[in-house]
Each structure stands twice: as C-alpha cells, then as structure tokens.
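Below: one structure, written as structure tokens.
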Amino acid sequence: RGRREGGWGGWYGRGGGWKVGVERAGENGWEDWKGLVDLCVCLVSSPARAEGNAVRLVGGSSGSEGRVEVFYNGAWGTVCDDSWNDLNARVVCQQLGFFGNSYATSGSQFGPGASTQPIWLDDMTCAGTEDYLSSCPNRGWGVHNCFHWEDAGVICRGKEIWGGEGRR
C-alpha cells in the first residue's frame with residue numbers, strides 16, 4: 001500500500017487505502033496528467049470513497065509544503081485560511097503521511113489558486129485526530145466568504161511513514 005512508482009512522486013491523498021498522485025502535476029502541467037490521475041483514482045478506489053478525501057500540496061519548494069487543495073465534484077479546489085491553524089495542518093500532513101510537527105500558513109503563502117478554481121472548504125475546525133481534512137467540521141462544500149489571496153497552506157515536518165491505511 002502507498003508505495004511510489006518510478007518517476008511518480010507527489011502524493012495527493014488517499015482512496016480505498018491507496019495514494020494517488022503525480023510529481024509533475026504543477027500549475028501549468030496538471031491538465032497533461034489529470035486524466036491519468038483520474039484513471040488511477042478509478043482503478044484503486046470507488047469514486048464515492050475518493051471524492052472529497054483526496055488532498056494535495058501545490059506551489060511549495062518540496063512535496064512537504066504548499067497550498068492545500070482538495071478534490072471534490074470532479075475538480076481540485078482550495079481551502080480558505082479562515083480559522084486555519086496547526087490542528088488543521090496536522091490532519092493534512094498526516095493524511096499525506098507526515099508524522100511530525102505541522103504548521104499552518106495563511107494569506108496564500110504558496111501562491112493563490114487559479115481565479116477559475118473553486119474554494120471548496122472554509123472555517124475548518126479540526127481536532128487534529130481526523131483521518132481526512134474533509135471530515136473536519138466546516139461550512140460545507142463550496143460555502144465560503146473568501147478570495148484566493150486567503151488560500152491555506154501547510155508545512156509538514158517529520159519522517160514520512162509508509163503503509164497503513166493509505167498513509168506513506
């Protein structure tokens with residue numbers, strides 16, 4: 001479970017116990033890989049389990065930091081930084097397999113999402129123990145009072161752990 005394939009690097013969440021993602025899926029190159037990743041999600045997980053549970057980090061200098069994005073309703077969207085704190089960051093980092101200190105960033109520290117990109121989540125109030133960011137209390141999918149200059153980010157520290165319920 002959760003092992004990397006040659007050439008594949010950035011992991012973007014989990015579905016059915018497997019992680020899916022592509023290191024080369026940057027801001028400009030994502031569309032080239034989107035179909036392949038969507039296919040992988042379908043192959044390793046039922047759409048109902050993957051929907052809303054996939055998370056990725058974008059715009060950081062490494063795979064352990066970046067703007068937080070979640071996959072919902074067929075599109076990647078951002079998370080607003082209202083109420084964003086280190087407990088929320090802990091859930092994201094653990095979901096991605098980092099089990100060390102986690103730090104929340106705000107004000108689009110890793111760049112804003114695209115103007116056409118949805119803002120999926122706002123007013124996150126995680127306890128820090130949830131398996132998925134989407135399990136944390138929030139306003140509801142697509143309900144927000146934010147702009148992309150308020151996109152939330154994380155910095156994950158600590159050793160990456162592989163295995164378990166889709167965690168690496």
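The values are calculated or read from the model by the stated rules, or taken from the named source; none is laboratory data. These numbers come from a predicted model, not from an experiment. Just so you know, the surface numbers come from the protein's heavy atoms only, side chains and all, with ligands and any DNA or RNA stripped out. Shrake-Rupley method; radii C 1.70, N 1.55, O 1.52, S 1.80 Å.
Largest first, how would 103, 132 line up by accessible area (1.4 Å probe)?
The residues order as 103, 132, largest area first.
Restricted to Cα positions, what overall size does segment 48-100 have along the principal axes? Three whole-Å values, descending.
Principal-axis extents of the Cα atoms in segment 48-100, largest first: 30, 24, 22 Å.
At 1.4 Å probe radius, can you tell me the per residue accessible area of segment 102-146 in Å²?
With the other protein chains kept in place, segment 102-146 gives 47 Å² per residue.
Mind ranking 105, 129 by accessible surface for me, highest first, 1.4 Å probe?
The residues order as 129, 105, largest area first.
Write down, largest first, the equivalent ellipsoid semi-axes of segment 88-154 in whole Å, where each equals the square root of 5 times an eigenvalue of the alpha-carbon gyration tensor.
Those come to 20, 15, 9 Å.
So how much slack lies between residue 75 and residue 115, counting 0.36 nm per residue of separation and subtracting their Cα-Cα distance, in nm?
13.1 nm
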